[in-house]
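Encoded as structure tokens, the structure appears first; notes follow it.
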Amino acid sequence: MAVGKRRGIHPNVGAGSSMGAFFSGNNSQRSSRLNFRPSSSQEDRGGTRPTAAPSSIGLVLVTMFLHVCKKSLLFDTKLKVAIYCGVIFAISLVADFVTMPRSYFSRSDNALNRYFVKWGWGWLLTVTIPWVVLTSHTLGCGRRSILIKHLGRLLLATLAWLMWTKTFNYIERNFGYCVNTKEVQLQSKVKCLQAGKFWNGIDISGHTFILVYCSLILAEEGSSLIGWEGIKDLIMREEHSRVTPNDTSFGPLRNLSDEDLEFLKKAHKTYTPYLRGLFVVMTVQQLLLDVMLVSTVLYYHIMVEKFLAGIAAVLTWYVTYQWWYKSPKVGLPAPGDGLFKYNEVRPQPDLATVRTRRTTLNGTSNRFMGLPIRTPGQDNSDKSTSTSRQGEPDTQSYRVI
């Protein structure tokens, strides 16, 4: 039996070694490109952006408490208006036909009614005036003209409250009649009451108006706190951009002068603790307003009188805060306006990076159970794309690592 020559297990060892040498050479060339380092002649970009200092436990607890307060005070105002109108209409209508159980709040001499609602506008100005002064003084970088314009909102709100109060009194005096008498000389409220009679007029609820209007004003003015804590980071980044060579700033503080930026830094650090305390007081005041509004809806006036007062409050709020103050070049600024915008800053992602990432992750728009579905047309397009890319230079290999 003739013994033939054995074939080698790896017949193409030589060819494989030559191919391995070829690829190893390419890999070494690519690795040398990937290990590229900039020359010493290239300028230094100054390092990374600064980061905020670590927060203390006390600041974390305060931030958590303020977050809970924001959930109450900064509740969506449009939804709040809908809830107010629905509650005033529905519950008042039920209370007109169903006798509500008596409670402490059904007494007109209860403490909240005598010392809080009766002086409600004074309590509102007690907290909103220092709030507006501190926020506008900071956002305006000490400019008195900006401070006066912001205080103009409270002045206009006070005039609107006085106007509606006098209007309600006028309607109540002139649209009614004296009960159980037809004497002409007694058909006025003053003479009817002096004669010991009862005057039945349209007594639009001033309590409902002030409770709804004050609650909406607190929500609008308190919205200045949205993004307020982030001003510190904006200042830090702007300072870094100004001291770093060839680093252009695109932040909201880029148009401030060095003096204004320094003033903003000091004012924000000084006034922020006071604003946090005022915000808590505003939240407590808003909760008391809601409690007294429910009490008024249940026990005082009829539905029409309360609903008309609520409509007047909502209408005044909408004309001023939702239209007038948001219209450009009208006169009075909206809460939070100043020399820069801080509560509208949003991170802008790189669109090219987002498209590349989506293309890499998804591969194709047709997917089933998370897996891509490829069609013959897409396969052909991918092949042509890969063929065209083979002739392109490898620009990614020159990226600095």
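The values are calculated or read from the model by the stated rules, or taken from the named source; none is laboratory data. Since the structure is predicted, the reported quantities are computational estimates derived from the model, not experimental observations. Every residue, glycine among them, receives a Cβ derived from its backbone with ideal geometry; neighbour counts consider all protein chains shown. Accessible surface areas use protein heavy atoms only, side chains included; no ligands, DNA or RNA. Shrake-Rupley method; radii C 1.70, N 1.55, O 1.52, S 1.80 Å.
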Requested in this report: Go through (1) on the phi < 0 side of the Ramachandran plot; (2) open to solvent by 20 Å² or more (accessible area, probe 1.4 Å); (3) in contact (Cβ under 8 Å) with a residue 24 or more places away in the chain; (4) not in a helix (DSSP H, G or I) one by one and return the number of the condition residue 240 breaks.
Outcome: (4)
Query - Hits in the stretch 188-203 (condition: open to solvent by 80 Å² or more (accessible area, probe 1.4 Å) and either of a type in the set (Lys, Arg) or under 9 Å from residue 176 (Cβ atoms) (or both)) - result: 191, 197
**Report entry** Residue tally, condition under 24 Å from the mean Cα position of the chain (by Cα) and open to solvent by less than 70 Å² (accessible area, probe 1.4 Å), over the stretch 96-141
**Finding:** 16
Query raised in the report: What number goes with the only condition from (1) buried (at least 16 other Cβ atoms within 10 Å of the Cβ); (2) touching a Gly at 6+ places or on another chain (Cβ under 6 Å); (3) not aliphatic (A, V, I, L, M) that residue 283 does not pass?
Result: (2)
Query raised in the report: Could you count how many residues in the stretch 142-161 are more than 19 Å from residue 313 (Cβ to Cβ), assigned to a helix (DSSP H, G or I) and either open to solvent by 50 Å² or more (accessible area, probe 1.4 Å) or touching a strand residue (DSSP E or B) at 6+ places or on another chain (Cβ under 9 Å) (or both)?
Result: 5
Query raised in the report: If we keep just the residues of the stretch 143-155 that are in contact (Cβ under 8 Å) with a residue 24 or more places away in the chain and under 24 Å from the mean Cα position of the chain (by Cα), which is nearest to residue 225 (Cα to Cα)?
Result: 150
**Report entry** Evaluation of residue 204 against (1) closer than 30 Å to residue 77 by Cβ; (2) not in a loop (DSSP other than H, G, I, E, B) (one fails), failing number
**Finding:** (2)
Report summary line: The one condition residue 207 fails out of (1) open to solvent by 50 Å² or more (accessible area, probe 1.4 Å); (2) closer than 14 Å to residue 316 by Cα; (3) touching a residue at least 60 places away in the same chain (Cβ under 8 Å) is (2)
